[in-house]
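Comments concern the structure below.
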Amino acid sequence: MTMQLAPTKPPDKVRVLCTKCRVPFREKIRNIREGAQVQCPNCNKLITFSSDSADLGVQRAFTEVRRIKNGMMLSIHRAGDGGTQS
């Protein structure tokens, strides 16, 4: 009897590091896009997501979101391929 594991679900949140208080918090992937703003739940600082931001926390969040979205698109493409390879 073989056990099948459920496919791993991609995360729906990424870690963001606040620029002011340096406390990490998690934000939904759909909220992290160019020009979007979120508030730090600890110090209420408004964080603006921009691809040309000098803030390392914002850059890391963008990189993580891009990596997750690319992985999701790759898995969708593979599932639609039907498993056939030439």
### Task
Filter segment 21-57 for residues that are farther than 18 Å from residue 11 by Cα and among the hydrophobic types (A, V, I, L, M, F, W, C) and give the result.
21, 23, 36, 38, 40, 43, 46, 47, 49, 54, 56
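Rundown of residues vs (1) part of a strand (DSSP E or B); (2) of a type in the set (Val, Ile, Thr); (3) surrounded by 10 or more Cβ atoms within 10 Å (Cβ to Cβ); (4) at pLDDT 90 or above, yes/no style:
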position	(1), (2), (3), (4)
3	no, no, no, no
16	yes, yes, yes, yes
19	no, yes, yes, no
27	yes, no, yes, yes
75	no, no, yes, no
79	no, no, yes, no
85	no, no, no, no
### Query
How many residues are out of contact with any Phe, Trp or Tyr (no Cβ under 7 Å at 6 or more places or on another chain) and assigned to a loop (DSSP other than H, G, I, E, B) when one looks only at segment 50-68?
5
### Message
Among (1) modelled with pLDDT of 90 or more; (2) surrounded by 13 or more Cβ atoms within 10 Å (Cβ to Cβ), there is one condition residue 50 misses while meeting the rest; what is its number?
### Response
(1)
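The values are calculated or read from the model by the stated rules, or taken from the named source; none is laboratory data. On a predicted model such as this, the values are computed, not experimentally measured, just so you know. Cβ coordinates were reconstructed from backbone atoms using ideal geometry, including for glycine residues, and neighbour counts include every protein chain displayed.
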